[in-house]
Amino acid sequence: MLYGDSMKASLLPTITRCWTRIGHQRVIPTPGPHAAKCWDWGVVDVVSGHTLHIIHPRRNNIGFRRLLAAIAREYHLADYPNRQVVLFVDNDQAHKAKVVERLLDKHNHQIRVKFLAPYSPEFNPQEDIWQHLRRRVTHNHYFEHIPALTDALDEFHRHLQADPAQVLRLTTKWTKLIAA
């Protein structure tokens, strides 16, 4: 059982409160309102703490299909035709595209996509991962180029994948809910 979502990562930093020395104001450079961006597509398993992500230039069905392909590879669905993965996602149009439905049908429904209630990000544990990512990577941090941003995102995810216990701490409320 996986929970998935996408997050916009932009060269325009997310500005938030932070500690500074008394009498000093922190200056964070920005590239302007039309900064380049990419989308981080990710899934989390709140039972095992396993995560998976891909980076795609847009939030569209191509990015979602790339995520589905990554899930199929990660869970070896081609080698185990009876294995099924249930993926909970929001109601974004990219998740409901006809090409996505055809792709899922073609692969014998090994990945079952279930939709969460509309306008309810609080029901998706992947949002907790995104919140942690923003605190660690994008809040108050300027990246000059997209490759520097994507490198930072990949590094964050590598650390997270190497520490499933941290993922479980981030998604504790979900682990307890599923266990109940």
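Just so you know, all these numbers are worked out from the coordinates, no wet-lab data involved. These figures come from a predicted structure and were not determined experimentally. All Cβ positions, even for glycine, are placed from backbone atoms using ideal geometry, and neighbour counts span all protein chains on display.
Normalising the average separation of contacting C-alpha pairs (under 8 angstrom, six or more residues apart) by the number of residues puts the relative contact order of the stretch 66-122 at 43 percent. Along the stretch 104-111 the Karplus relation, 6.51 cos²θ - 1.76 cosθ + 1.60 evaluated at θ = phi - 60°, assigns HN-Hα couplings of 5, 4, 4, 9, 6, 6, 5, 10 Hz to successive residues, with x for each Gly and Pro. Residue order for LEU11, LEU116, fewest other beta carbons within 10 angstrom first, comes to LEU116, LEU11. Looking at the square roots a ≥ b ≥ c of the eigenvalues of the Cα gyration tensor of the chain, which shape do they give, rounded for a/c under 1.5, prolate if a/b is larger than b/c, or oblate? Note, shape of the chain comes out prolate. Exposure here means at most 13 other Cβ atoms within 10 Å; with chymotrypsin sites (Phe, Trp or Tyr not before Pro) in a DSSP loop as sites, the longest stretch of the chain lacking them is 20-118. Computed over the chain, relative contact order equals 30 percent, with contacts defined as Cα pairs under 8 Å that lie 6+ residues apart. The phi-based Karplus calculation (6.51 cos²θ - 1.76 cosθ + 1.60; θ = phi - 60°) puts the 3J(HN,Hα) values of the stretch 7-15 at 9, 7, 10, 10, 5, 6, x, 7, 8 Hz, whole numbers, x for Gly and Pro.
3J(HN,Hα) along the stretch 43-54: 9, 9, 9, 7, 8, 9, x, 7, 10, 8, 8, 9 Hz, from the Karplus curve 6.51 cos²θ - 1.76 cosθ + 1.60 with θ = phi - 60°, whole Hz, x for Gly and Pro.
Specify the residue with the greatest mean-square fluctuation among ASN91, ASN108, ASN61, computed from a Gaussian network of the chain linking alpha-carbon atoms under 10 Å apart. With Cα springs under 10 Å in the chain, the top fluctuation among ASN91, ASN108, ASN61 is at ASN108.
Just checking the listed ones, HIS139, HIS76, HIS157: in the Gaussian network model of the chain with Cα springs under 10 Å, the one fluctuating most is HIS76.
For ARG58, the residues whose modelled amide H falls within less than 5 Å of its own, excluding neighbours fewer than 5 places apart on the same chain, are TRP39. Close amide H pairs (under 5 Å, H built 1.01 Å from N) link HIS141 with THR14, residues at least 5 positions away or on another chain.
Going by neighbour counts of Cβ atoms within 10 Å, the residues ILE111, ILE22, ILE129 line up, fewest first, as ILE22, ILE111, ILE129.
Oblate is the label for the stretch 92-180. Its Cα gyration tensor axes, ordered a ≥ b ≥ c, give a/c of at least 1.5 and b/c at or above a/b. Annotation: amide H-H contacts under 5 Å for VAL113 (H modelled 1.01 Å from N, sequence separation of 5 or more, or interchain): LEU87.
Only helical runs count toward this figure. For the chain, summing -39,500 (n - 2.57) over DSSP H runs of n ≥ 4 and dividing by all residues gives -10000 deg cm²/dmol at 222 nm. Each DSSP beta bridge with both residues in the chain is either parallel or antiparallel, and the antiparallel ones are about 65%.
What is the stretch 1-56 by shape, rounded, prolate or oblate, if you read a ≥ b ≥ c off the alpha carbon gyration tensor as root eigenvalues and call it rounded for a/c under 1.5, prolate for a/b larger than b/c, and oblate otherwise? Taking the square roots of the gyration eigenvalues as a ≥ b ≥ c, the stretch 1-56 is oblate.
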